[in-house]
Every structure is written in C-alpha cells, then in structure tokens.
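To keep things clear, I will list the structure first and then write my remarks on it.
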Amino acid sequence: MSKVIINSTPVISLSIIGKLHFIAELFDEVYVPEAVYREIVHGKSTRQYGSEELKHLIEIGTFRSIQVENNKLVDTLYGKLHEGELEVIVSAKETGIQNVLLDERAARSLAKTLLLRPIGTVGMLLLAKRKGKIEHLNPFLDVLIDEGIFLSKSLYSQVLHEAGEE
C-alpha cells in the first residue's frame, strides 16, 4: 500500500491545473500535516488555490490530517525550511512513510538525506502521464509557469524528454 505525506506547493500547483485528485489516484493513502492545512486553508494568499478542494478532500476522508509529535524538532529546524516542509519530513520519519510530496529543493535534499523518497509536482504529472491519466505534460507545465510557479528551463526540457514530448 503506497502512502504519501504532502506539502503546500504541490497541493496549490495541482489545484491550479485542476488535478489535485491525482494524488489520491496515484497513492492509496494521502496525509496532510496540520501546518500544511493551515497554510492552504487559512493562509493569507488572495488566490486561495487548493483551499476548498483540500477542505473537501479531508472532510470526505480522501486525504487524512496528520499531527507531528516532535514539535520541538520542527521548531529547532524552522528557518532553514518552512513549517509545512518540516512537518512533512518529521511526520514521515515518525510514521515510517517514505513518500513525501515536496517541490522546494532544500526540503527535497533534506528528505533524501533522511532516506525519504521525495516527489514533486512535475514528478506527479510525469507519473500521471505514465499511468495514462493525461496525454501531454506541456500544457499543464505552461499553465503552472503562467500562474507564477517557478520551473527551470532545464527541468521543463528534462521532463518533456522523459515523457517523450520533445
């Protein structure tokens, strides 16, 4: 059974393109740390991407809330990474869940150091294509870029190459 703990940026990004449901379709169990939920649902962003979808997915049990036990570790590391990223990583270690959905490079690096398996928004889209859920990646990547989600040119080219969409 595949499980994943998710961070804010992938939730927001997948919400922007209308594909937040992919997480539940590609993983058997999806967990959302409290800090991630607060950031998305109660955050100060005017656009509120993912807010209503995330609330609904938790209410119906598709996504599950998870609470970090070692808040002291999160507090100690805060500043190097954001609270949500830290709660994803710490709760993954506490629960033994290896898959973490993170986009930020520093968070992914720490996750790898701790022997977790990070996947990002782009990786989720590539996985969705491989599973036949989408036909082409580039329209989704273009929308993300147009909406202000940073995606390097090299990653854009690399993922299109891997997807056979050069």
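Would you say residue 58 is hydrophobic (A, V, I, L, M, F, W, C), touching a residue at least 12 places away in the same chain (Cβ under 8 Å) and not in a strand (DSSP E or B)? Break it down into steps so the answer makes sense when it comes.
Working: hydrophobic (A, V, I, L, M, F, W, C): yes; touching a residue at least 12 places away in the same chain (Cβ under 8 Å): yes; not in a strand (DSSP E or B): yes.
Answer is yes for this residue.
Does residue 53 qualify as being in contact with a Ser or Thr (Cβ under 8 Å, 6 or more places away or on another chain), modelled with pLDDT of 95 or more and charged (D, E, K, R)?
Criteria not met by residue 53.
In the stretch 57-85, how many residues are in contact with a helix residue (DSSP H, G or I) (Cβ under 8 Å, 6 or more places away or on another chain) and either at positive phi or among the hydrophobic types (A, V, I, L, M, F, W, C) (or both)?
Number satisfying all stated conditions: 9.
Out of 88, 30, 36, report the one residue that is in contact with a helix residue (DSSP H, G or I) (Cβ under 9 Å, 6 or more places away or on another chain) and in a strand (DSSP E or B).
30
Answer yes or no: is there a residue in the stretch 151-166 that is farther than 18 Å from residue 20 by Cα, in a helix (DSSP H, G or I), of a type in the set (Gly, Ala, Ser) and in contact with a helix residue (DSSP H, G or I) (Cβ under 7 Å, 6 or more places away or on another chain).
no
Go through the stretch 23-43 residue by residue and tally those that are crowded, with 20+ Cβ neighbours inside 10 Å and under 18 Å from residue 133 (Cα atoms).
Summing the residues that are crowded, with 20+ Cβ neighbours inside 10 Å and under 18 Å from residue 133 (Cα atoms) in the stretch 23-43 gives 2.
Identify, please: which residue in the stretch 60-114 is polar (S, T, N, Q) and within 19 Å of residue 12 (Cα to Cα) and is, among those, surrounded by the fewest Cβ atoms within 10 Å (Cβ to Cβ)?
Filtering first and then ranking leaves 65.
Among the numbered conditions (1) farther than 14 Å from residue 10 by Cβ; (2) under 17 Å from the mean Cα position of the chain (by Cα); (3) of a type in the set (Val, Ile, Thr); (4) not in a helix (DSSP H, G or I), tell me where residue 134 comes up short.
Checking residue 134 against (1) farther than 14 Å from residue 10 by Cβ; (2) under 17 Å from the mean Cα position of the chain (by Cα); (3) of a type in the set (Val, Ile, Thr); (4) not in a helix (DSSP H, G or I), the one that fails is (2).
If you go through the stretch 146-166 one residue at a time, how many are surrounded by 13 or more Cβ atoms within 10 Å (Cβ to Cβ), free of Cβ contacts under 8 Å to residues at least 24 places away in the same chain and under 19 Å from residue 9 (Cα atoms)?
Of the residues in the stretch 146-166, 1 are surrounded by 13 or more Cβ atoms within 10 Å (Cβ to Cβ), free of Cβ contacts under 8 Å to residues at least 24 places away in the same chain and under 19 Å from residue 9 (Cα atoms).
The values are calculated or read from the model by the stated rules, or taken from the named source; none is laboratory data. From a predicted model like this one, the values you see are computed outputs, not experimental measurements. Don't worry about glycine lacking a Cβ; one is built from the backbone with ideal geometry, like all the others, and counts go over all protein chains shown.
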